[in-house]
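Everything below concerns the one structure shown next.
The values are calculated or read from the model by the stated rules, or taken from the named source; none is laboratory data. Keep in mind the model is a prediction, meaning the values are calculated, not measured. Cβ sites come from the backbone with ideal geometry, for glycine too, and all protein chains shown count toward neighbours.
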Amino acid sequence: MPLAIITGSSRGLGLAVARALAERQWALVIDARGGRELERAARELGTVTEVVAIAGDVADDWHRGALADAAGEHVDLLVNNASMLGPSPQPPLGRYPLEVLERVYRVNVLAPVALAQLVLPRMPDGGTIINVSSDAAVESYAGWGGYGSSKAALDQLSAILAEEHPTLRIYAVDPGDMRTQMHQDAFPGEDISDRPPPEDSVPGLLTLIEGDLPSGRYRARELAAAESIAR
């Protein structure tokens, strides 16, 4: 049974990916900061596959170590999905609290790299790392300086990891706009009901997980559309 570590899996995209992999009989190690939501997700997923759920913060060394220990000596897939938006509403960079910006980078940049460092020795050839990115990594949106620049850094780190580990498949993936709590926090007071659910981004991620596309940066919706046309 293949095994995946998925961070930020109690809701949104992380939970949607976990559900899809559970249906495909992947064993899962999942986490989230909120213990109650994570427990609900673990109960649901546990009716389908083997699940270990560990509540905690990916920015904490001990928590990342606990995830790796729970996975054991063989990890086929790491999905670095957990992210931090930053303040809501988001401030311009000229007024961005530096201590908060540091925290955003710890969660969005340093934590994925640190978890990858733990997982890389446990990955067989052909193993996969997916770092969830954003269009804010490549587009200059006013007010998105903290989150967007952290995702741009993650994109570059993903590309370098891919160069350094040619026997693995390492992806940065933009899932597109989604109707999630984080997206709602980014637009406080606005109606985001027109955004697609995170489940719409899952087929694109599965194309990467189950396929053989080379390492690189991809847009999940474009992958899903191409797969649909191919069929």
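Which condition number in (1) of a type outside the set (Phe, Trp, Tyr); (2) in contact with a strand residue (DSSP E or B) (Cβ under 6 Å, 6 or more places away or on another chain); (3) within 28 Å of PRO196 (Cβ to Cβ) is the one that LEU85 fails?
(2)
Residues of region 156-186 being at pLDDT 90 or above, within 20 Å of ALA82 (Cβ to Cβ) and surrounded by 17 or more Cβ atoms within 10 Å (Cβ to Cβ), which ones?
Result: LEU157, SER158, LEU161, ILE170, TYR171, ALA172, VAL173, ASP174, PRO175.
Taking SER10 as the residue in question, decide whether it is part of a loop (DSSP other than H, G, I, E, B), loosely packed, with under 15 Cβ neighbours inside 10 Å and at pLDDT below 95.
no
Which members of region 86-104 meet the condition of being closer than 23 Å to ASP31 by Cα, modelled with pLDDT under 95 and crowded, with 19+ Cβ neighbours inside 10 Å?
GLY86
If ASP125 satisfies all but one of (1) touching a Ser or Thr at 6+ places or on another chain (Cβ under 8 Å); (2) surrounded by 15 or more Cβ atoms within 10 Å (Cβ to Cβ), what's the number of the condition it fails?
(2)
Checking ALA41 against (1) closer than 19 Å to ALA111 by Cβ; (2) in contact with a helix residue (DSSP H, G or I) (Cβ under 7 Å, 6 or more places away or on another chain): exactly one of these is not met. Which one?
(1)
Pull up region 210-220, narrow it to residues that are out of contact with any strand residue (DSSP E or B) (no Cβ under 6 Å at 6 or more places or on another chain) and outside any loop (DSSP other than H, G, I, E, B), then point me to the one that is farthest from PRO175 (Cα to Cα). If you could, list the steps in order and put the result at the bottom.
Step one: filter region 210-220 for residues out of contact with any strand residue (DSSP E or B) (no Cβ under 6 Å at 6 or more places or on another chain), giving 210-214, 216.
Applying the additional criterion that residues be outside any loop (DSSP other than H, G, I, E, B) yields 210, 216.
Details: GLU210: 17, GLY216: 14 Å.
Only one residue tops the list, namely GLU210.
So for region 87-101 (the condition being out of contact with any Asp or Glu (no Cβ under 7 Å at 6 or more places or on another chain), within 28 Å of ASP200 (Cβ to Cβ) and in contact (Cβ under 8 Å) with a residue 60 or more places away in the chain), does at least one residue qualify?
Yes, some residue in region 87-101 is out of contact with any Asp or Glu (no Cβ under 7 Å at 6 or more places or on another chain), within 28 Å of ASP200 (Cβ to Cβ) and in contact (Cβ under 8 Å) with a residue 60 or more places away in the chain.
Can you confirm whether region 42-52 contains a residue that is over 16 Å from the mean Cα position of the chain (by Cα), more than 14 Å from ALA116 (Cα to Cα) and at pLDDT below 95?
No; the residues of region 42-52 include none that is over 16 Å from the mean Cα position of the chain (by Cα), more than 14 Å from ALA116 (Cα to Cα) and at pLDDT below 95.
Which numbered condition in (1) surrounded by 13 or more Cβ atoms within 10 Å (Cβ to Cβ); (2) modelled with pLDDT under 70; (3) among the small types (Gly, Ala, Ser) is the only one that GLY189 fails?
Failing condition for GLY189: (1).
Between residues in region 35-59 that are touching a residue at least 12 places away in the same chain (Cβ under 8 Å) and residues that are buried (at least 16 other Cβ atoms within 10 Å of the Cβ) and acidic (Asp, Glu), which pairs lie under 8 Å by C-beta distance while being six or more apart or on different chains?
LEU38/ASP31; ALA53/ASP31; ILE54/ASP31; ALA55/ASP31; GLY56/ASP31; VAL58/ASP31
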